[in-house]
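**Student:** Structure below; questions to follow.
The values are calculated or read from the model by the stated rules, or taken from the named source; none is laboratory data. Please read all numbers here as calculations on a predicted model, not as lab measurements. Note that we place each Cβ from the backbone using ideal geometry, even for glycine, and neighbour counts take in every protein chain shown.
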Amino acid sequence: MKAIEINSFGGPEVLQVTEIPEPTPKSGEVLVSLHTASVNPADSKVRQGTGAGAANVTFPYIIGRDFSGVIKACGEDVIEFKPGDAVFGVLPVGVEGTYLEALTIEASVIAPKPETMSHAEAAALALSGLTSLVAIEDTLELQAGERILIQGGAGGVGNFAVQLAHHLGAEVITTASPANHDYLRDLGANQVIDYNTQDFTEVLSDIDVVFDLIGGEVHQRSFEVLKPNGRLAYIAPLLKNAEPPRDDITVMRPKVGRDRPHLLRIIDLYETGAIIAPDIQTLPLEEAGKAHDLVDTHHVRGKIVLQIK
Ligand SMILES: NC(=O)c1ccc[n+]([C@@H]2O[C@H](COP(=O)([O-])OP(=O)(O)OC[C@H]3O[C@@H](n4cnc5c(N)ncnc54)[C@H](OP(=O)(O)O)[C@@H]3O)[C@@H](O)[C@H]2O)c1
């Protein structure tokens, strides 16, 4: 079967088309024939050898974390799925390899894909959705009426986070370039700040909660706008040796696992119309390098998805 592998760290050109054998599902696993895989910024970090995941890479290596497809075969003891079922999910933490035509995965961590959700949407919503749910509902425990600042609302995680926070009844403030302001207002943002021309610390104060998807100095400056005893969760890299500049803020790093209940929550939010899929640009699997070129701009709106079938 076809796969995209890397044999060294480097630019998008290290992503090369290859042929590998199809895996066989073990007990409790399913073999999924992939229709789509999404491209996450973490994929690019691993490709460059800079992400936390890069430490465990041995070449040749296949990257990618979330996918959507159709079950081709079931291992022993799989009772909830049968061949032909459409499913989506995210590989376990520390496991990668979705830029290919088929993969095996524990049946217990994937979910049935609703017919109303396309394979491109399912792959686009999987890891971004899990991350937003774990950060905003489980970690920050955002409450109706609270004011949340989402740093970086237009990307894969951000668009879901904006919609989820709005759905939970929060007042949503986010940062983006002007071309994305209408998009984010349509998703439920009450206020969008152009971070290129406006310093958010000059226009905001008394924020209850910050969800930081940008990191670096944006993370450090975010403390300035929080209320006493505010909460901040972050998922992007911090400045080297960065320390919180205030000790009255609860700072949290969400632990994003993989499990079916969170995928079912994504489905529920999607089916009830609380969340719509992000803007999606699809490229064929063979053009994974071009997909990484786009992700490396850091200005993709929504998600890039690889079309495999
Ligand atoms: N489990 C985890 O811990 C986990 C999971 C998922 C993601 N992450 C990390 O979280 C971060 C965000 O992920 P993502 O998938 O949302 O990224 P993404 O889709 O690549 O984000 C792209 C968006 O970032 C916006 N952006 C770029 N620079 C900005 C700035 N200075 N201020 C505000 N917005 C800015 C761009 O909007 P404009 O074009 O409008 O500027 C663009 O739409 C990444 O570092 C990723 O690796 C971690």
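**Student:** Look through L294, L264 and report the one residue that is touching a residue at least 12 places away in the same chain (Cβ under 8 Å), within 12 Å of the ligand (Cβ to nearest atom) and not in a strand (DSSP E or B). Walk me through it before giving the result.
**Tutor:** Values: L264 fails: within 12 Å of the ligand (Cβ to nearest atom).
Sole residue among the options that is touching a residue at least 12 places away in the same chain (Cβ under 8 Å), within 12 Å of the ligand (Cβ to nearest atom) and not in a strand (DSSP E or B): L294.
**Student:** Okay, moving on. For the range 11-22, state whether one or more residues are part of a loop (DSSP other than H, G, I, E, B), within 20 Å of H262 (Cβ to Cβ), assigned by TED's automatic domain parsing to the domain that holds L294 and in contact with a strand residue (DSSP E or B) (Cβ under 7 Å, 6 or more places away or on another chain). Even if it seems obvious, please write down each step before you answer.
**Tutor:** So the first thing to find is which residues in the range 11-22 are part of a loop (DSSP other than H, G, I, E, B), and the list is 11, 15, 20-22.
Pick out the ones that are also within 20 Å of H262 (Cβ to Cβ) and you get none.
There is no residue in the range 11-22 that is part of a loop (DSSP other than H, G, I, E, B), within 20 Å of H262 (Cβ to Cβ), assigned by TED's automatic domain parsing to the domain that holds L294 and in contact with a strand residue (DSSP E or B) (Cβ under 7 Å, 6 or more places away or on another chain).
**Student:** Would you point out the residue of the range 195-223, among those that are within 15 Å of the ligand (Cβ to nearest atom) and among the β-branched types (V, I, T), that is surrounded by the most Cβ atoms within 10 Å (Cβ to Cβ)?
**Tutor:** V210
**Student:** Another question, then. Taking the residues in the range 23-48 that are in a strand (DSSP E or B) and out of contact with any helix residue (DSSP H, G or I) (no Cβ under 7 Å at 6 or more places or on another chain) as candidates, determine which candidate is nearest to K303 (Cα to Cα).
**Tutor:** Residues of the range 23-48 in a strand (DSSP E or B): 29-39.
Cutting the leftovers down to out of contact with any helix residue (DSSP H, G or I) (no Cβ under 7 Å at 6 or more places or on another chain) gives us 31-34.
Values: L31: 25, V32: 22, S33: 21, L34: 17 Å.
Among those that are in a strand (DSSP E or B) and out of contact with any helix residue (DSSP H, G or I) (no Cβ under 7 Å at 6 or more places or on another chain), it is L34.
**Student:** Hey, another quick one. Within the range 145-163, which residues are of a type in the set (A, V, I, L, M), under 15 Å from the mean Cα position of the chain (by Cα) and either under 20 Å from T201 (Cα atoms) or more than 13 Å from the ligand (Cβ to nearest atom) (or both)?
**Tutor:** Applying the first criterion (of a type in the set (A, V, I, L, M)) to the range 145-163 yields 148-150, 154, 157, 161-162.
Add one more test, that the residue is under 15 Å from the mean Cα position of the chain (by Cα), and what stays is 150, 154, 157, 161-162.
Answer for the range 145-163, where residues must be of a type in the set (A, V, I, L, M), under 15 Å from the mean Cα position of the chain (by Cα) and either under 20 Å from T201 (Cα atoms) or more than 13 Å from the ligand (Cβ to nearest atom) (or both): I150, A154, V162.
**Student:** Of the residues L103, L149, only one is in a strand (DSSP E or B) and within 30 Å of E22 (Cβ to Cβ); which?
**Tutor:** Working: L149 fails: within 30 Å of E22 (Cβ to Cβ).
Just a single option satisfies the conditions, and that option is L103.
**Student:** Okay, next question. Considering only residues of the range 169-184 that are surrounded by 15 or more Cβ atoms within 10 Å (Cβ to Cβ) and assigned to a helix (DSSP H, G or I), which is farthest from the chain's Cα centre (by Cα)? Talk me through it step by step, then tell me what you get.
**Tutor:** Taking the range 169-184 as the starting set, the residues that turn out to be surrounded by 15 or more Cβ atoms within 10 Å (Cβ to Cβ) are 170-176, 180-181, 183-184.
Of the ones still in play, those that are also assigned to a helix (DSSP H, G or I) are 180-181, 183-184.
Details: N180: 18, H181: 21, Y183: 18, L184: 17 Å.
Per the stated criteria, the residue is H181.
**Student:** Same structure, new question: For the range 185-194: of the residues being in a loop (DSSP other than H, G, I, E, B) and within 14 Å of the ligand (Cβ to nearest atom), which is surrounded by the most Cβ atoms within 10 Å (Cβ to Cβ)?
**Tutor:** Here is the first cut: in the range 185-194, the ones in a loop (DSSP other than H, G, I, E, B) are 188-190, 194.
The next check asks that each one be within 14 Å of the ligand (Cβ to nearest atom); those that pass are 189, 194.
Working: A189: 28, D194: 14.
Out of the qualifying residues, it is A189.
**Student:** State whether one or more residues within the range 265-276 are over 23 Å from G145 (Cα atoms) and either under 18 Å from the mean Cα position of the chain (by Cα) or surrounded by 19 or more Cβ atoms within 10 Å (Cβ to Cβ) (or both). Full working, then the answer.
**Tutor:** Going residue by residue through the range 265-276, those that are over 23 Å from G145 (Cα atoms) are 267, 271.
Retained after the next criterion (residues that are either under 18 Å from the mean Cα position of the chain (by Cα) or surrounded by 19 or more Cβ atoms within 10 Å (Cβ to Cβ) (or both)): 267.
Yes, some residue in the range 265-276 is over 23 Å from G145 (Cα atoms) and either under 18 Å from the mean Cα position of the chain (by Cα) or surrounded by 19 or more Cβ atoms within 10 Å (Cβ to Cβ) (or both).
**Student:** Looking at L142 and the list (1) more than 15 Å from the ligand (Cβ to nearest atom); (2) closer than 27 Å to T18 by Cα; (3) among the aliphatic types (A, V, I, L, M); (4) outside any helix (DSSP H, G or I), which single condition is not satisfied?
**Tutor:** Among (1) more than 15 Å from the ligand (Cβ to nearest atom); (2) closer than 27 Å to T18 by Cα; (3) among the aliphatic types (A, V, I, L, M); (4) outside any helix (DSSP H, G or I), L142 violates only (2).
**Student:** Another question, then. Of the residues that sit in the range 224-244 and are within 11 Å of the ligand (Cβ to nearest atom) and not aliphatic (A, V, I, L, M), which one is nearest to Q143 (Cα to Cα)?
**Tutor:** Only one residue tops the list, namely Y234.
**Student:** Let me ask another. Test L226 against the criterion of being in contact (Cβ under 8 Å) with a residue 40 or more places away in the chain and surrounded by 15 or more Cβ atoms within 10 Å (Cβ to Cβ), and give yes or no. Quick ask: steps written out before the conclusion?
**Tutor:** Numbers: in contact (Cβ under 8 Å) with a residue 40 or more places away in the chain: no; surrounded by 15 or more Cβ atoms within 10 Å (Cβ to Cβ): yes.
No: the conditions fail for L226.
**Student:** Quick one: would you say P284 is free of Cβ contacts under 8 Å to residues at least 40 places away in the same chain, under 17 Å from A37 (Cα atoms) and surrounded by fewer than 13 Cβ atoms within 10 Å (Cβ to Cβ)?
**Tutor:** Values: free of Cβ contacts under 8 Å to residues at least 40 places away in the same chain: yes; under 17 Å from A37 (Cα atoms): yes; surrounded by fewer than 13 Cβ atoms within 10 Å (Cβ to Cβ): yes.
Against the criterion (free of Cβ contacts under 8 Å to residues at least 40 places away in the same chain, under 17 Å from A37 (Cα atoms) and surrounded by fewer than 13 Cβ atoms within 10 Å (Cβ to Cβ)), P284 qualifies.
**Student:** Tell me whether the range 242-257 contains one or more residues that are in a loop (DSSP other than H, G, I, E, B), touching a Gly at 6+ places or on another chain (Cβ under 8 Å), charged (D, E, K, R) and touching a residue at least 60 places away in the same chain (Cβ under 8 Å).
**Tutor:** No, there is no match, as no residue in the range 242-257 is in a loop (DSSP other than H, G, I, E, B), touching a Gly at 6+ places or on another chain (Cβ under 8 Å), charged (D, E, K, R) and touching a residue at least 60 places away in the same chain (Cβ under 8 Å).
Per-residue answers, yes or no, for (1) within 29 Å of D85 (Cα to Cα); (2) buried (at least 23 other Cβ atoms within 10 Å of the Cβ); (3) more than 16 Å from the ligand (Cβ to nearest atom):
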residue	(1), (2), (3)
N7	no, no, yes
V14	no, no, yes
V17	yes, no, yes
E22	yes, no, yes
K26	yes, no, yes
V30	yes, yes, yes
N40	yes, yes, no
S44	no, no, no
I71	yes, no, yes
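**Student:** Name the pairs: first residue in the range 191-205 and farther than 18 Å from I148 by Cβ, second residue in a loop (DSSP other than H, G, I, E, B), Cβ to Cβ under 8 Å, at least 6 apart or on different chains?
**Tutor:** D194/A176; D194/S177; N196/S177
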